[in-house]
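Chemist: This is the structure I have questions about; it appears just below.
We did not get these values from a lab; they are worked out from the coordinates using the rules stated. Quick caveat, the model's predicted, so the values are computed rather than measured. Every residue, glycine among them, receives a Cβ derived from its backbone with ideal geometry; neighbour counts consider all protein chains shown.
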Amino acid sequence: MKRVFPILAIVTAVLLIYAMHQALVVAPTERTMGDVQRIFYYHVPSAWTAFILFSINFVASIIYLARRNAKADMIALTTAEVGVVFCTVVLVTGPIWARPVWGIWWTWDLRLTLTLVLWLIYVSYLILRKFSSGGQTPLLAAVLAVFGALDVPLVYFSIWFFRTQHPQPVIGGGGSIDPRMLHVLLINWLAFSCFAALVCWSRYRFEVMRREVDELQALGSMMEARSPR
Amino acid sequence: MTGLTRATLIKDLRLEWRSKDAINSMLFFSLLVVVIFSFSFDPTAEESRQIAGGLVWVAFLFAAVVALNQTWARELRNQVLDAYRVSPASPNSLFLAKAFGNFIFVTVLEALMTPLFIVFYNLRTLGPAWQLPIVAMLGTWALVVNGTFFAAMSLRTRSREIMLPLLLFPISIPALLAMVEATTSILTGEYSAKFWIVLLVAYDLMFTMASLMLFGSVLHAE
């Protein structure tokens, strides 16, 4: 497994450079929006990546609640942290695009609100992890993740009741997209997913080492207390 | 309702009746919100009908945190919570007692504060007023059930008084939206509150079940 990591790192770097070239140079300019539309190649893949990471977090939290498995907890922690970063990218790039195209920075539309609420829930998740100490942290965090996931459909229906302004999803929705643009979008998504996997992986390894160090330190102080001076 | 639920509920109500700590601070807090909002916006009767739904519920949400925060703190003294933990009593009956207690506190607060809101904002409902108590009850339960649960969770954290609103508010967004929209629609009479009431019922059911399923493991977390 250790040899896979540098290979993944190189593949990710190549993919990111290729995808950036594709998005900024190769992809055709959108007819009405112009070059501003190119932010879409960062906005949408980040959103998909963030949602995938949050879904992994939810599954890992359920597994933790069922099995009390430390690995599942570390995966939940990692995906939540990286997911919040990608979700932040979504929330920052969205208004930059919306201002010239819609004429407003922000609106309480379905997808925008849902993303913002998800971001808020996961920030509170990270704060909870930061503020709770000791062995209960994984359990409390997993419980909060379940509550957050239950909240998502309710947020969805409550905002759905208002009319939605966001462009329809390009994949599986009513909208149409130039096949060249779709190609660039998917390349970018692949690059972003590889990047997310890479970051999650190194964060996970860091967390494993951190816990080992903590355990060793606790063991060391126990031994010290036991041995007579 | 089991015997443990009833005993704990009566104990909490009696403690509150004698000290009146929570209810007094909640009342004064929401009074301050009413007064400050009233003179900083100075709305006309028509405007206040539009914004009152939001104001009322924000005031109640912030005030409810006061009651919620002291729900479990009382049981920490003399290790009462540890005694609960080792006793064979069902954790859910304890949770329900606490949630019912908070529900009663916040309902009393709302009953006392509503006349003040009517006075300060010149409110008169144009829609079906009989729906207001239903919205209030469903909304209060939505705040209280999650609030009681998250208060138990934040017991295990540093600076737990700050932790509770940080956990509670993001999750409560759909419930808060539903309460505000339902109240506004009843006050203005412009559209039906039915969708929002259904949403509140769904929220209440979902989170009551989730709390009852998970409270045991939160209480026994070590």
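Chemist: So what's the angle, to the nearest 10 degrees on a 0 to 90 scale, between helix A:4-21 and the longest Cα principal axis of chain A?
Modeler: Around 20 degrees separate the two axes.
Chemist: Given N residues in the range B:1-67, what is its alpha carbon radius of gyration divided by 2.2 N^0.38 Å?
Modeler: Taking the Cα Rg and dividing by 2.2 N^0.38 Å, one obtains 1.53.
Chemist: Moving on to the next point. Where the centroid of each part is defined by its Cα atoms, how far is the range A:1-80 from the range B:147-218 in Å?
Modeler: Cα centroid to Cα centroid, the span is 31 Å.
Chemist: Considering the options A:Gly135, A:Phe86, A:Leu118, tell which one lies farthest towards the positive end of the dipole of the range A:61-172, charges being +1 on Lys and Arg and -1 on Asp and Glu at the Cβ, about the Cα centre.
Modeler: The one lying farthest along the dipole's positive direction is A:Gly135.
Chemist: Using +1 on the beta carbon of Lys and Arg, -1 on that of Asp and Glu, and nothing else charged, what's the dipole of the range A:42-220 about the Cα centre, debye to 20?
Modeler: It comes to approximately 40 debye.
Chemist: In square nanometres, what is one fourth of the surface area of the convex hull spanned by the alpha carbons of the protein assembly as shown?
Modeler: Approximately 28.0 nm², given one-decimal rounding.
Chemist: A further question on this structure: Based on the Kirkwood radius over alpha-carbon pairs, what value in µm²/s does the Stokes-Einstein equation return for the translational diffusion coefficient of the range A:42-220 at 37 °C and 0.692 mPa s?
Modeler: Working: Rh = 17.8 Å.
The Stokes-Einstein estimate is 185 µm²/s.
Chemist: Please compute the net charge surrounding A:Ile187, taking Lys and Arg as +1 and Asp and Glu as -1 over other residues with Cβ under 15 Å from its Cβ. Working shown, then result.
Modeler: Details: positive: A:Arg38, A:Arg180; negative: A:Asp178.
Once positives and negatives cancel, what remains is +1.
Chemist: Work out from phi, with θ = phi - 60° and the Karplus expression 6.51 cos²θ - 1.76 cosθ + 1.60, the ³J(HN,Hα) of each residue of the range A:200-215, listed in order in whole Hz, and give x for Gly and Pro.
Modeler: 4, 4, 5, 5, 5, 5, 4, 5, 4, 5, 4, 5, 4, 4, 4, 4
Chemist: Which of A:His21, A:Ile104, A:Ser55 sits closest to the plus end of the dipole of the protein assembly as shown, meaning its Cα is farthest towards the positive end, when Lys and Arg get +1 and Asp and Glu get -1 on the C-beta?
Modeler: Positive-most Cα among the choices belongs to A:Ser55.
Chemist: Determine the calculated [θ] at 222 nm for chain B from helices alone, applying -39500 (n - 2.57) to every DSSP H run no shorter than 4 residues and normalising by the residue count; nearest 500 deg cm²/dmol.
Modeler: Helices in chain B give a 222 nm mean residue ellipticity of -29500 deg cm²/dmol.
Chemist: Residue by residue through the range B:34-51, which ³J(HN,Hα) values in whole Hz follow from phi under the Karplus form 6.51 cos²θ - 1.76 cosθ + 1.60 (θ = phi - 60°), with glycine and proline marked x?
Modeler: 4, 5, 5, 4, 4, 7, 7, 9, 6, x, 7, 4, 5, 5, 5, 4, 6, 9
Chemist: Can you give the Rg to Rh ratio of the range B:63-222, both from alpha-carbon atoms, with Rh computed by the Kirkwood formula?
Modeler: On the way: Rg = 17.2 Å, Rh = 16.8 Å.
A ratio of 1.02.
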